[in-house]
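What follows is a single structure, written as structure tokens, with notes after it.
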Amino acid sequence: MIIRIRVQPRAKRNSLAGRLEDEWKLQIMAPAHEGKANQACIEFFARGLGIARSRVKLISGEKSRHKVLALDGVSEAEFLRFASGGV
């Protein structure tokens, strides 16, 4: 599954804060410095979806707030359940 996210670094907590148009808003406590926010994004989705970090790939947006991630082996239904707080 491919998802688009908009990252808000240095947030008070790590959370998926809903959807804005075609992107999910992801609040991350890590700073946008030396790839720390990117690593935090990968860790957030891997832990939340119960998959290995190697199955979460940053496709684009390495130096941008707007990112595209590939979630290997995750169905849209599984992701939506996670996004709604059901996982």
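Legend: calculated FRET efficiency, residue 34 to residue 60, from the Cβ-Cβ distance at R0 = 22 Å, rounded to 0.05, equals 0.75. Averaging 1/r over each pair of different alpha-carbon atoms in the stretch 1-47 and inverting the result gives 10.7 Å, the Kirkwood hydrodynamic radius. Between residue 52 and residue 68, the modelled label-to-label distance comes to 2.5 nm, taking each label 7 Å out from Cα in the direction of the beta carbon. Contact order for the chain, expressed relative to its length and based on alpha carbon pairs under 8 Å spaced 6+ residues apart, stands at 30 percent. The stretch between residue 21 and residue 8, if pulled fully straight at 0.36 nm per residue, gains 3.1 nm over its current Cα-Cα span.
For the chain, the Kirkwood hydrodynamic radius from C-alpha pairs, put into Stokes-Einstein at 4 °C and a viscosity of 1.567 mPa s, yields a diffusion coefficient of 102 µm² per second.
Here, each number is a calculation from the coordinates, and none is a lab measurement. Please read all numbers here as calculations on a predicted model, not as lab measurements. Glycine also receives a Cβ, built like all others from the backbone with ideal geometry; neighbour counts cover every protein chain displayed.
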